[in-house]
There are 12 protein chains.
Amino acid sequence: MGDHVYKTIEVTGSSTEGIEAAVRRAVSKASETIRQLRWFEVVDTRGHIEDGAIKHWQVTVKLGFTLEE
Amino acid sequence: MGDHVYKTIEVTGSSTEGIEAAVRRAVSKASETIRQLRWFEVVDTRGHIEDGAIKHWQVTVKLGFTLEE
Amino acid sequence: MGDHVYKTIEVTGSSTEGIEAAVRRAVSKASETIRQLRWFEVVDTRGHIEDGAIKHWQVTVKLGFTLEE
Amino acid sequence: MGDHVYKTIEVTGSSTEGIEAAVRRAVSKASETIRQLRWFEVVDTRGHIEDGAIKHWQVTVKLGFTLEE
Amino acid sequence: MGDHVYKTIEVTGSSTEGIEAAVRRAVSKASETIRQLRWFEVVDTRGHIEDGAIKHWQVTVKLGFTLEE
Amino acid sequence: MGDHVYKTIEVTGSSTEGIEAAVRRAVSKASETIRQLRWFEVVDTRGHIEDGAIKHWQVTVKLGFTLEE
Amino acid sequence: MGDHVYKTIEVTGSSTEGIEAAVRRAVSKASETIRQLRWFEVVDTRGHIEDGAIKHWQVTVKLGFTLEE
Amino acid sequence: MGDHVYKTIEVTGSSTEGIEAAVRRAVSKASETIRQLRWFEVVDTRGHIEDGAIKHWQVTVKLGFTLEE
Amino acid sequence: MGDHVYKTIEVTGSSTEGIEAAVRRAVSKASETIRQLRWFEVVDTRGHIEDGAIKHWQVTVKLGFTLEE
Amino acid sequence: MGDHVYKTIEVTGSSTEGIEAAVRRAVSKASETIRQLRWFEVVDTRGHIEDGAIKHWQVTVKLGFTLEE
Amino acid sequence: MGDHVYKTIEVTGSSTEGIEAAVRRAVSKASETIRQLRWFEVVDTRGHIEDGAIKHWQVTVKLGFTLEE
Amino acid sequence: MGDHVYKTIEVTGSSTEGIEAAVRRAVSKASETIRQLRWFEVVDTRGHIEDGAIKHWQVTVKLGFTLEE
């Protein structure tokens, strides 16, 4: 986290398994188009319920990446 | 999430295992008396410590459900 | 949580596995020097990304303990 | 707002028209079962988009009512 | 605060005396219909003024109670 | 919004019609005594309910004005 | 709290006795110059300590008053 | 809101008419370049005042859209 | 509050009487080991309920003290 | 900060130089009409950009002053 | 700030000198690819410490720019 | 910021010069007793005013340091 300029974006990943899997999905999808991802911060943890059971976990993360020189 | 009226309640579930299990317990207990649960949002993650180890995870969620027509 | 005085400190644990493991690491490290840990509250969930994958989860918790009489 | 005890609940109304209509829908639905509604406070204004246009406005309000003596 | 599921409600008590009396009034009124109240948290302290003097203190508390098994 | 000093005040306007009308009432009343109003920011949207219908919308705005040189 | 325009100011009262006395001091001082005070809201409770004991309680309140027609 | 990855952006729309029109302008402008807009959330409502009257309403919304597979 | 460096800690005091007594207990306990306490700020007011009555008030304060030269 | 009543106002100063200069401008302007200014707190730091460079820094401060006896 | 649609992005600039220089670096880097930058707002001021001295200041700003017609 | 446990403390530094100098004073004082300081975050910027001019800047920072293995 040294002498660079970073940009932050906000992405929501979903998963039927749980919180970590939803975060990993968000990071994985973002890394398809952004090479220099450096950190994440969880900002919101939500989900959908059907018939009394959790169907999807939806976790919103801020993702920071280096703007290349 | 269409043309309905929703009510939100706040429930805390606990678990010896972890965060997802505590959320599932809160949803499961609430669904015993509320049929139309639709979504949850985690608002607080706490827990109890005994002898230097975590004994319970206690996760507070907002739960939204449809008010039936 | 009865008739005592408590002090709260803020500690960040890290883990390559996930959120619960990072919290357990923070609690475990703090309990090496503090005997009367009673509760925790998650205040921040972050982490590091390398080559498009999460390398560390870093979870900051408030830890409360009894000030001994 | 004198010498009473009040309870607050959280309700989300939706409307295709706009914010005021969504709040009115929430108040109207809640008043079917609660007689002593006294005040509201808007806590969240969201909505759904389809084909580049807003389909529903969804406004969450806190509703306060008198607990009868 | 062990292995249970809790529900939280929000109630406002009022008093001509002061903050503690308003909280006690909220707890007392809620306990008429809820048996398992366990904790409270003050979320708002307001009041009314008439002729330059405080007429009512109005304190809003969150009240947590055990959902019975 | 250039090279000036601004002061901010907080005013609540009310209306039987809706949110915009309540904001306009607050701005209009403040402009009777303050000449250099420049901007507003909505900070709170509340209202009163009587017989299950909204009687007044009450919108609190911050109002910024130039301190004259 | 009907069809009026209100202004809100922020005042801090202090007291050697406690929180209610500090709020009353703030209200009393403000009412020397403002006739139409209607409500208060506590926004901050602080104080000074000397020789291990509390010397002053300092409570900051928002005070609302009617702008006269 | 099922099994997808979403991205959130922040856009401010303005209007001489009111809040809903400013939100619609923000959504409409964003939909020129983003096809999969799904939801919005109002985060800020401000505006400009000239000669004691509101000239523009400026509403900032978060806009969520599906990242295509 | 002049030309010094201060450290802030967070302590929770409890009391069967009320808020001020719980704050005094926190200050008193902290002053057993810290000589230079200067100010406090209330950050949280909670408590325990048994059989429909408040058993303990628990008030969390930030305490600031001078780091000695 | 002893046994007085304080009032707080909110003022925004601007500067082409930086943050401290903008705060100083706000304090200086306010002191033209208020004699007993005692403290400030920075609540917002913004600014204007023209042609890719910062033209003005605009810093909003709360200013506290003693209400004279 | 008239009749336009704005987009907001979040960028972090770093500097060994101080806060203003880190903000200027963020604005300068962003202006390489965005022509219509109009305003900034500081949202976070952090930094790195090595051997007891500050090595980098890292300031996160929101940057607003006009979406061209 | 890798595989360690960190503790966070809150310290306020003061300076007659400005914000950066106050932060440096806080870091410098804390480093007299803590060897492994790693990062800071500004949480509050305040100050004292005398005779219409700023006498001290007081900046509160969170300081993070490695708990040694």
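Each value in this text was obtained by applying a stated rule to the coordinates, not by laboratory testing. Not measured: the values here are computed from a predicted model. Here the Cβ is made from the backbone with ideal geometry for all residues, glycine too, and neighbour counts use every protein chain on show.
Report, in listed order, any pair from F:62/L:55; C:7/G:7; A:29/F:62; D:29/E:62; F:7/K:55; F:29/J:62 with a Cα-Cα distance greater than 31 Å. Please report the intermediate quantities before stating the final value.
Values: F:62/L:55 29 Å; C:7/G:7 40 Å; A:29/F:62 41 Å; D:29/E:62 24 Å; F:7/K:55 37 Å; F:29/J:62 24 Å.
With Cα atoms farther than 31 Å apart: C:7/G:7; A:29/F:62; F:7/K:55.
Summing charges over all other residues whose Cβ lies under 12 Å from the Cβ of residue F:41, with Lys and Arg as +1 and Asp and Glu as -1, gives -2. When the convex hull of its Cα atoms is viewed from all sides, the protein assembly as shown shows a mean projected area of 32.4 nm². Compute a Gaussian network model of chain L, connecting alpha carbons closer than 10 Å, and tell me which residue from L:16, L:33, L:45 fluctuates the most. Largest GNM mean-square fluctuation: L:33. Between the range F:1-51 and the range J:39-69, the C-alpha centres lie 21 angstrom from each other. Over chain A, DSSP H runs of length four or greater, each weighted -39,500 (n - 2.57), average out per residue to a 222 nm ellipticity of -5500 deg cm²/dmol. By its C-alpha gyration tensor, with a ≥ b ≥ c as the square roots of the eigenvalues, how is chain A shaped: rounded for a/c under 1.5, else prolate for a/b larger than b/c, else oblate? Prolate is the answer for chain A, as a/c is 1.5 or above and a/b outweighs b/c. Taking amide hydrogens as placed 1.01 Å from N in the peptide plane, the amide H of residue B:43 sits under 5 Å from those of B:60, B:61, B:62, each at least 5 positions away in sequence or on another chain.
Other protein chain C-beta atoms within 10 Å of residue C-beta, averaged over A:35-47: 6. Loop-resident GluC sites (Glu not before Pro) (DSSP state other than H, G, I, E or B) in the range H:1-68 with no more than 16 further Cβ atoms inside 10 Å of their Cβ: H:17, H:32, H:68.
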